[in-house]
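Here is the structure we will look at.
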Amino acid sequence: MNIIDRRLNPQGKSLANRQRFLRRAKEQVVKAVRDASGKRGIQDIENGEKVTIAAGGVREPSFHRASQGGVRDYVVPGNKEYVEGDTIQRPDGGGGGRGSEGSPDGEGEDEFRFVLSRDEFLDIFLEDLELPDLVKQKVKQSESHTLTRAGYSVSGSPANLNLVRTMRNSLSRRIALKRPKRDEIRELEEMLREAEEAGEDAEQIQALREQLEHIVLRSKRIPFIDPIDVRFNRFETVPKPIAQAVMFCLMDVSGSMTEHMKDLAKRFFMLLYLFLKRRYRSVDIVFIRHTHEAKEVDEETFFYSTETGGTVVSTALEEMQKVVQERYPHNEWNIYAAQASDGDNMSSDNAKSATLLRDVILPMCQYFAYIEVAAEHNMGLSALGRETELWRTYKQVQSPERPLAMRRVRSRREIFPVFRELFAREKAGA
Amino acid sequence: MTAVITRPDALLYDGVEWDYDKIKRVYDAVEHIALKEMGLDVYPNQIEVITAEQMLDAYSSIGMPLMYKHWSFGKHFARDEMMYRKGYRGLAYEIVINSSPCISYIMEENTMTMQTLVIAHAAFGHNHFFKNNQLFQQWTDAEGILDYLEFAKTYITHCEERYGHAAVERVLDAAHALMSQGVHKYPKKRSDLRTEQRRERERQEYQDQTFNDLWRTVPKTAAGPRPSKSVSERKKLLGLPEENILYFLEKKAPRLEHWQREILRIVRHISQYFYPQKQTKVMNEGCATYVHYQIMSRLHETGQISEGAFLEFLHSHTSVVFQPEFDDKRFSGLNPYAIGFAMMQDIARIAENPTDEDRQWFPDLAGRGDGMAAVREAWANFRDESFVLQYLSPHLMRKLKLFSVRDDAEDPYLLVDHIHNERGYRDIRKKLARQYDLGYLEPDIQIVDVDLAGDRKLILQHRVTNGVLLDESDAKAVLRHIANLWGYEVQLIEVSAISEAILKEHAVTAPSGIGVM
């Protein structure tokens, strides 16, 4: 008997099958994911998702009998009071499913439920979204070098010897220089021995001997492998760009921002964060909140503590500029910023904000998204007619060559569509 | 029963934790009982310890340790995994593979008692059955299966690389849909999977050697209308009627490439390999359950396992052989473990302590002594259907209170046909046997005609018994798959087996652009 411990065998043997399955059910899975993401909070998106898809596309049909009609016999255990000839009320569902002829293995269900892993979910969730302007990728650390094959070289370490190349060179050189083959030498030796044994005349033997000496010498002069044959695999170190990103979340936390608005803003920030996470290995987040003055805070404070005061947007932009200068030199970092506000600003500050945004912030950003959150019930004025102070201000700055996007969001439902709109692939760079 | 004195030093193990030494000791003790006392005959054993996730893996690839890649396995894995994680369903304690050496998987979470039970159940019970049952001997090649699967996996991966995932998937989908229609029910010779592998390799090599691109440029002969042969002549030439649809398509479908035929062949071989298992569920589980019960009882009698361990064993044993009654919420058909185990015990009882009734019903078996030998004989020579027909005793029918119900769609009520009394025994036994007869359970579908010289329409026939037609949407989907392989129109006619009247027709048209790939 053998006992084999298989527990340490590579995991995920069924991964290839799973990918094939997801590819097969792609259309339905995408739809299910979109539906699911509409229903729940952004916070949960990081987790996997149980999705239910229509079984249609992944049905495995087979010839089998219908579950209705015809005459069927069943033998079942546990008779209590029946005698021959008794009749039984037909159970609901037409009497099928009580015998052994129940449909094989999941047939007949029109839905198929399974759990998507977090990565699978996010991949589908964020599919066909693209980060605008990924160009500014700078090498920061020196250790991120990678080796790539770069042809062959005549020198190198023995471990990198390329045997095939070497032997090919050797062979062509030997052919070109007419190096005597081993068989030829052997043949000549044989002839010589025979001649000697047969006692042929000395002249002939001498001729043969000279010939043999000649080719042996020649084969010694022309080595089997010459240093000029030897080739090594050549590797080049290629600097690998480390793409790193920092995301600035700017939010107005003055009294006019309601919980609902903050919630909307938060959801948008979360989505952006998730999205950046998929594209960059490490993403830093900086939270800056402002009233009439701005402060960098941690996440908890950012979302949950309240503050009173007026609203001066330029303070937040200044704070951001300061942080960038201190910690995130903009030629080394990809900088993304998202600002959420209800659109209020002190009138005297508008001009300053616009200048700051145009001349300082936007040039160093990959992307700047301005999200104007509005109260849900406040449909009338701000949605259709009157533009807010800040909206008007930013609109002046907006131009096709500047990476500034502006959207209004009123309810949770709109968050994801707006997000998609901002990052949809065909719009990238627009 | 004599009093059992448990000497602590005789115990094979103590407590719930298992380790390799304990397993080795237990294996030796179990082997001694199985081979020396019960006279079992087994393939060499290989026991593999796996995790729950690996168990799920094994589930999804129909229990085999290696399998080619297909999305349906991923689908099953996704579902099983969810069921398991949500706690709707537990995992099997073991999986055993009909191969030589016989591989049994045991899970790392099991307690030592469970490992003992699994070794007795799988490594000796199932193993003995695989090696000795005539169906397995005749139809499966235990030595060759793992190598063949390895070949199949490599071959299909190779095809995927060469012809693309989509093309391979299309063939596999179709082949899987026809899996049940891909077995030879009366094989001429035992399939030898190693030769099979060699054959394919040689064919490929020959093809590579003799490849000449010039042939491609040779103009095709203009296909003039050949005189259509008479129907009977034509059928004879094509070997019709043919119930092995996969086999027919592999050999005769006009537009398949060589690799597509080979894939059909692979699926067909795997289907054939599993065919005996489908026919012996009751016997196979009955055998393994009977063996583990005997072995565990013996270990307990000889004081090699503790009272606690034995109780733990009894607890899982009884839940395995539990048979809910028909009006129970938990009822989902007859439990093969329950009925199998009960019948094995019954056979041993009849052989050793028969009643007058048994003598009358089983004159050859009753009172012949040596129940174990009687049971072994049954394991060797029967399949579920014939086993029930031969051995189901009135005693057991009374014990299980079996009764038969007739469900005629035209009647408003179900009719109790027979119950466990003198008049009903034979009928109940016959009906129960038929419930396990694959030939009866699976619809009888055959390829009956094709006009190769004409429009090449393939005609299938379903002989309808008891007026039960095919499930329409599935039948249509399978026909679509057949059409994809065949390349031309396919028609399925359902005729009554009694009156030959046509009850229903399905047809799918020729696929466009498929077949020539």
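Quick note: the coordinates plus some simple rules give every number you see, no bench work behind them. Computed from a prediction, not measured in an experiment: that's the story for all the values here. Cβ sites come from the backbone with ideal geometry, for glycine too, and all protein chains shown count toward neighbours.
Report the gain in length on full extension from B:Glu422 to B:Gln360: 0.36 nm times residue separation, minus Cα-Cα distance, nm rounded to one decimal.
Working: separation 62, 0.36 × 62 = 22.32 nm, distance 1.28 nm.
Stretched out fully, the B:Glu422 to B:Gln360 stretch lengthens by 21.0 nm.
Think of each Lys and Arg Cβ as +1 and each Asp and Glu Cβ as -1; about the Cα centre, that makes the dipole of the protein assembly as shown roughly 2520 debye. Per the Debye formula on identical point scatterers at the alpha carbon atoms of region B:321-439, with no solvent, log10 I(q)/I(0) at q = 0.11, 0.14, 0.15, 0.18 Å⁻¹ is -0.39, -0.63, -0.71, -1.00. Over region A:158-234, the alpha carbon radius of gyration divided by the compact-protein estimate 2.2 N^0.38 Å works out to 1.51. Extents of the protein assembly as shown, largest first, come to 117, 110, 85 Å (Cα atoms, principal axes, whole angstrom).
Which values, in whole Å and largest first, are the semi-axes of the equivalent ellipsoid of region A:244-427 obtained as the square root of 5 times each eigenvalue of the Cα gyration tensor? Mind showing how you got there, number by number?
On the way: eigenvalues 99, 71, 59 Å².
Over the Cα atoms of region A:244-427, the ellipsoid semi-axes are 22, 19, 17 Å.
For region A:244-427, the antiparallel share of DSSP beta bridges with both residues in that region comes to about 10%.
The fewest-to-most ranking of A:Glu203, B:Glu307 by surrounding Cβ atoms within 10 Å reads A:Glu203, B:Glu307.
Short-range pairs are left out: with C-alpha atoms under 8 Å and at least six residues apart, the relative contact order of chain B is 15 percent.
Working note: Debye formula, equal point scatterers on the alpha-carbon atoms of chain B, no solvent; log10 I(q)/I(0) at q = 0.07, 0.08, 0.10 Å⁻¹ is -0.49, -0.63, -0.95.
Between B:Ala373 and B:Ala497, what length comes free when the chain is fully extended (0.36 nm per residue of separation minus the Cα-Cα distance, one decimal in nm)?
40.5 nm is the gain from fully extending B:Ala373 to B:Ala497.
Rounded to the nearest 20 debye, the dipole magnitude of region B:321-439 is 240 debye, with +1 charges on Lys and Arg beta carbons, -1 on Asp and Glu beta carbons, and the Cα centre as origin.
Suppose a student asked you for the relative contact order of region A:158-234, using Cα pairs under 8 Å spaced at least 6 residues apart; what percent would you report? It would help to have the intermediate numbers written out before the result.
Numbers: 50 pairs, mean separation 49.2, N = 77.
Relative contact order for region A:158-234 comes out at 64 percent.
Which pairs, out of B:Lys476/B:Lys504; B:Lys69/B:Lys131; B:Lys75/B:Lys329; B:Lys185/B:Lys281; B:Lys36/B:Lys399; B:Lys185/B:Lys235, put more than 24 Å between their alpha-carbon atoms? Mind showing how you got there, number by number?
Details: B:Lys476/B:Lys504 12 Å; B:Lys69/B:Lys131 29 Å; B:Lys75/B:Lys329 28 Å; B:Lys185/B:Lys281 17 Å; B:Lys36/B:Lys399 32 Å; B:Lys185/B:Lys235 20 Å.
Among B:Lys476/B:Lys504; B:Lys69/B:Lys131; B:Lys75/B:Lys329; B:Lys185/B:Lys281; B:Lys36/B:Lys399; B:Lys185/B:Lys235, the Cα-Cα distance tops 24 Å for B:Lys69/B:Lys131; B:Lys75/B:Lys329; B:Lys36/B:Lys399.
Each listed q (0.13, 0.19 Å⁻¹) maps to a log10 I(q)/I(0) for region B:85-181 from the Debye sum over equal C-alpha point scatterers, namely -0.73, -1.01. Distance between the C-alpha centres of region A:150-172 and region B:356-379: 78 Å, rounded to the whole angstrom.
Between B:His32 and A:His330, the distance separating the two model label sites (each 7 Å from Cα on the Cα→Cβ line) works out to 8.4 nm.
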